[in-house]
């Protein structure tokens, strides 16, 4: 059984540290800063960092990769079409890699960046999705199209509902405020907003989420719901008949929110 812990970095990033107590090996997802990982290793003598998993090329996800690779010799996985420091294995999607003795499925999820990938571990139900799917939200479209991001989110939404969603930013509260503006009649959004507000007041992190929770309260996964469609149409003064167009409307609205 793999244990997964958050290592906070910068203002709102989480580096996810996966630990196998039997082998005393660990892996880290999206280490934008080496310092939190090195501090953990120093506090846990005898552990080895064996793998580094990168979802996309943005600096807050790769800034610590080169230093960690140099100091630990960890193998670096990342998107094949993006510039990833010290990458050993380039991935495009549909591959399976073995990390800490477990198989991880690589899923192509373009949108935030064109080469963005996610890592899914089926037996333990773990999804490391970088900046594609957020708790109650999704990433900005820096490189891809709304159509690409919508398709990527639908791909993730099709995973088993118990899947734990490990994204890489503490954006949940602001995302839920937007979700409430889009779908004020959704009791799941209201309940989640109150819960996460209480958590953040005490310093508790809001992650991981689950696919089930996202399907119930994330407007970007609910683009066919009548209230979501009506809110997008009211906000834009436009009639929408396609879920992709609703998604594009919501993403543009969130950028201004």
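Bear in mind these aren't lab numbers, they're just calculated from the coordinates by the rules spelled out. Keep in mind it's a predicted model, so treat the numbers as computed, not measured. Here the Cβ is made from the backbone with ideal geometry for all residues, glycine too, and neighbour counts use every protein chain on show.
In the elastic network of the chain, a GNM with C-alpha springs shorter than 10 Å, the most mobile of 110, 187, 208 is 187.
When a footprinting reagent is the concern and you count Cβ atoms within 10 Å, what order do 2, 211 take, fewest first?
Details: 2 17, 211 22.
By the 10 Å Cβ count, ascending, the order reads 2, 211.
Only helices enter the 222 nm calculation for the chain: every DSSP H run of n ≥ 4 contributes -39,500 (n - 2.57), and dividing by all residues gives -10500 deg cm²/dmol, rounded to 500.
With neighbours defined as other Cβ atoms within 10 Å of a residue's Cβ, the residues 215, 83, 69 order from fewest to most as 83, 215, 69. Quarter the surface of the alpha carbon convex hull of region 129-250 and you get the mean projected area, 7.1 square nanometres. For the pair residue 205 and residue 256, the difference between a 0.36 nm per residue extended length and the Cα-Cα distance amounts to 15.8 nm. The packing ranking of peptides 19-27, 48-56, 91-99, highest mean first, is 48-56, 19-27, 91-99, where packing means the average number of other beta carbon atoms within 10 angstrom of each residue. Volume per residue for the chain equals 116 cubic angstrom (convex hull of Cα atoms). Compute the helix-to-body angle for 172-182: its Cα long axis versus the longest principal axis of the chain, expressed 0 to 90° and rounded to tens. Helix 172-182 and the main axis of the chain meet at about 20 degrees.
In plain terms, the residue of 29, 189 with the fewest other Cβ atoms within 10 Å comes first and the most crowded comes last, giving 189, 29. Contact order for region 3-256, expressed relative to its length and based on alpha carbon pairs under 8 Å spaced 6+ residues apart, stands at 13 percent.
Between region 77-109 and region 201-233, the C-alpha centres lie 28 angstrom from each other.
GNM, the chain, Cα, under 10 Å: largest mean-square fluctuation among 64, 237, 139? Maximum fluctuation in the GNM of the chain, among the listed residues, is at 237. Helix 146-157 axis versus longest C-alpha principal axis of the chain: approximately 70°, rounded to the nearest ten.
Considering only 81, 163, 172, the Gaussian network model of the chain with Cα springs below 10 Å gives its largest mean-square fluctuation to 81. Relative to the first principal axis of the alpha-carbon coordinates of the chain, what is the inclination of helix 187-201, with its axis defined by its Cα atoms, in degrees from 0 to 90 and to the nearest 10? The angle comes out at about 40 degrees. Looking at region 3-256 alone, DSSP beta bridges between its own residues are antiparallel in about 65 percent of cases.
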